[in-house]
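Here's the structure we're looking at; comments come further down.
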Amino acid sequence: MSVFSAPDFDDHEQVVFCSDATSGLRAVIAIHNCRRGPALGGCRMWPYPTEQDAVRDALRLSRGMTYKSAMARLPLGGGKAVVIGDPRRDKNRGLLEALALAVDRLGGRYIIAEDSGTTVEDMQRMRHFTQHVAGVEARVTADGVHSGDPSPATAYGVFVGIRAAVRSRLGCDDVAGLKIALQGVGQVGLALARRLEAAGARLWITDVRREALSRAARELAATVVEPEAIFGLDVDLFAPCALGAVIDDRSLPRLKAAVIAGAANNQLAEARHDGELSRRGILYAPDYVINAGGIIDIHYQRSGYDHAAVTRHIEGIGESLTEIFHRAREQGRPTGEIADRMAEEFF
Ligand code: NAD
């Protein structure tokens, strides 16, 4: 297995393999770049089919965090942790403690937070063993008390980004009357669906977890479709809010939507799909730009929470996207590529 020359390695500053025989912990912590500040990124737990898949995911996700925080102008670098295992079956107190100690040994270069497969409660547990944990503070805002969960902030950022995208591509000032296909009604997807429906959009939803789908279907007036059917719908916008790599050679030719804008990280299976979307006239809102609401929220949790400042900062996502769309049109280049060049100006 090649490491330094692997395409996803991309000059990572540090990659740490952590294991603990007693609890069964097997994890990878990837620190891509700390030039803007400590590397902050969530911890994903997933039953990766191979160790190579886990390493690849950690590298791609941590690089994405560098670009995300730079684009959102946060004083943070990019890092990510992945734990190999099924969170429902393999997660235990010992595993969380061992992971926390591994994070602690990095002395603050990496700050852990929740992601798919981990929860705010897991982070609270880990905080007994390391101070380098984020997204655990409860906050009081105008609409109530919230846990450290960044998902509502992520959903708000995606909503703001969707408005910017449909303005740019479809000339609409809002989403009222638009047809939207939403993949994945988990923490972010459901919160986003609520916002879109309240703003007058018509929704088609799917999920591979039956209970998540039934819960969303009970609450929303959305049409439920099978997971595979979500790609081929005759809609204005496709919002991927499940896992990564959903835009690939199989799904792309089936898409009828004019806009792709959703919360999932690493939506494009390969970098070349950026150009392919652009050639087909599909406007892609680069994932790490549109889904930065959560990291913005977590940053303020660590540095003094001010709801109005967080909201203003998240609304900047719309401005960044509008600038990316404008430059992409002017230069005739794909939006993902333009976003990368813009983010690199900041680190
Ligand atoms: P989640 O695990 O709560 O929700 C994801 C949902 O997608 C689950 O209900 C899952 O069953 C479903 N899903 C998985 N594969 C699917 C498929 N093939 N078809 C349909 N549904 C499928 O996770 P989340 O916190 O809502 O995050 C969603 C995405 O957004 C992830 O890619 C995550 O990395 C990204 N993201 C989340 C945040 C955050 O604040 N939570 C921030 C930035 C990015």
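Observations on the model:
- Some residue of region 276-290 being more than 16 Å from the chain's Cα centre (by Cα), open to solvent by less than 10 Å² (accessible area, probe 1.4 Å), among the aliphatic types (A, V, I, L, M) and within 18 Å of Val259 (Cα to Cα): yes
- Residue count for region 61-75 satisfying the condition of being under 12 Å from the mean Cα position of the chain (by Cα) and surrounded by fewer than 23 Cβ atoms within 10 Å (Cβ to Cβ): 1.
- Of the residues examined, Gly94 is not one that is of a type in the set (Gly, Ala, Ser), touching a helix residue (DSSP H, G or I) at 6+ places or on another chain (Cβ under 6 Å) and over 19 Å from Gly37 (Cβ atoms).
- For region 298-314, the set of residues classified as farther than 16 Å from Asp149 by Cα and buried (at least 16 other Cβ atoms within 10 Å of the Cβ) consists of His313 only.
- Against the test of being away from the ligand (no atom under 11 Å from the Cβ), farther than 29 Å from Gly41 by Cα and touching a residue at least 12 places away in the same chain (Cβ under 8 Å), the options Leu283, Leu220, Leu277, Leu268 yield a single qualifying residue, Leu220.
- Verdict on Asp173 being among the acidic types (Asp, Glu) and either farther than 26 Å from Leu76 by Cβ or in contact with a His (Cβ under 8 Å, 6 or more places away or on another chain) (or both): yes
- Taking first residues from region 324-347 that are closer than 20 Å to Ala261 by Cα and exposed (fewer than 13 other Cβ atoms within 10 Å of the Cβ) and partners that are among the polar types (S, T, N, Q) and modelled with pLDDT of 95 or more, the Cβ contacts under 9 Å between residues at least 6 apart in sequence or on separate chains come to His326/Ser168; Gly332/Ser278.
- Residues in region 118-135 that are under 23 Å from Arg89 (Cβ atoms) and of a type in the set (Lys, Arg): Arg125 only.
- Residues of region 69-103 that turn out to be assigned to a helix (DSSP H, G or I) and over 23 Å from Glu51 (Cα atoms), as a count: 3
The values are calculated or read from the model by the stated rules, or taken from the named source; none is laboratory data. Since the model is a prediction, treat every value here as computed from it, not as a measurement. All Cβ positions, glycine included, derive from the backbone under ideal geometry; neighbour counts span all protein chains shown. Heads up: the accessible areas ignore ligands, DNA and RNA and are worked out on the full protein's heavy atoms, side chains in. Shrake-Rupley method; radii C 1.70, N 1.55, O 1.52, S 1.80 Å.
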